[in-house]
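Here's the structure we're looking at; comments come further down.
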Amino acid sequence: MTHLFAITMGAALFTLMIPVVYRIWVGPTGFDRILGVNVIGTKTAVLLVIIGTLFDRVEMFVDFAIAYALLNFVGAIVISRYLNRTISLNEMDAREKKGGAK
Amino acid sequence: MKSMYGDFFFVLASTTDLESESGFWVLQIIGILMGVTGLIFFLGAAVGLVRFPDFYTRMHAAGKGDTLSTMLMLGGFGLVTMEDFSLGSWLLLVKIIAVVLFIYLTSPTSSHALMRAAFEDDEMPLTEKDLKKSKKSVNK
């Protein structure tokens, strides 16, 4: 029963990840791609718990899930800060150009 | 059977045995309901992520649906794997609740940071003007 539930949930999660991969593939901006990667990373933590249920080693895989969620969070924060920083540099360039046009 | 179909089907076949069932059935039913609810929320998030026209609306769908569906699915698995009320299974439940609390705190935070980065990048939301423009370009 537990195994059947785990297999069904894992397959459904994997199927529902395909639209998210589509958004990562064609995303018009970079932020869409980061958003999709973030969603998939969060769902991978759930998939790790499901895999642990299938192998009967949940107590080990839950630790992996904690580590993966932590890495996902840190990655999202770092990437958004990085984009923020580079973007403010771009903005500075644009302001310099505006000042030159005046 | 095992040699014919391989390991995957062996796992599927072994789950139909009544002997391999273990766990407290009320908790299992609550857990399965929570898992299915989480899948429904994730379906909403995936559909919104594909079909919404704008970055901010997509972020709205992904942020909310992703957070709630992850919490529901992890909680459901925590209840389903609660086999007996021994110390190990309590520890497992506490660990899974720790993951749920962690995601409850961090997923909106990362959504907020990403939204702030996009807003400072002058990523504009979709307005009525854009809709009229796209209609005109379609009519042409």
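The values are calculated or read from the model by the stated rules, or taken from the named source; none is laboratory data. Remember, predicted model here, so these are calculated numbers, not experimental data. Quick reminder, even Gly has a Cβ in these numbers, built from the backbone with ideal geometry, and neighbours come from all protein chains shown. Surface accessibility is based on the protein's heavy atoms, side chains included, excluding ligands, DNA and RNA. Shrake-Rupley method; radii C 1.70, N 1.55, O 1.52, S 1.80 Å.
Peptide A:38-44 is shielded by partner chain Cβ atoms: per residue, an average of 6 of them sit within 10 Å of its Cβ. Among the residues of A:51-63, the average count of other protein chain beta-carbon atoms within 10 Å of the residue beta-carbon is 3. Rounded to the nearest 20 debye, the dipole magnitude of region A:2-101 is 400 debye, with +1 charges on Lys and Arg beta carbons, -1 on Asp and Glu beta carbons, and the Cα centre as origin. Measuring between alpha carbons in the structure, the pairs from B:LYS64/B:LYS129; A:LYS43/B:LYS135; B:LYS64/B:LYS95 lying more than 29 angstrom apart are A:LYS43/B:LYS135.
Normalised by the number of residues in chain A, the mean separation of alpha-carbon contacts (under 8 Å, six or more apart) gives a relative contact order of 23 percent.
Taking the Cβ of B:MET124 as the center, what net charge do the other residues with Cβ under 11 Å away carry, scoring Lys and Arg +1 and Asp and Glu -1?
-4
Anisotropy class assigned to region B:23-123 is oblate, per the alpha carbon gyration tensor with a/c at or over the 1.5 cut-off and a/b no larger than b/c.
Between helix A:58-101 and chain A there is an angle of about 10 degrees, using the helix long axis and the longest principal axis of the Cα atoms. Summing charges over neighbours of A:PHE64, with a neighbour being any other residue whose Cβ is under 12 Å away from its Cβ, gives 0 when K and R count +1 and D and E count -1. Within the accessible area of region B:23-123, the carbon and sulfur atoms contribute 75%, probe 1.4 Å, all protein chains present. Both chains summed, the buried accessible area for B and A stands near 4300 Å², from protein heavy atoms and a 1.4 Å probe.
How high is the FRET efficiency between A:MET60 and B:LYS135 when r is their beta carbon distance and R₀ equals 35 Å, given to the nearest 0.05?
Result of the calculation: an efficiency of 0.05.
Between helix A:2-26 and chain A there is an angle of about 20 degrees, using the helix long axis and the longest principal axis of the Cα atoms.
Put simply, when B:107-115, B:71-79 are sorted by average Cβ atoms within 10 angstrom per residue, most first, you get B:71-79, B:107-115.
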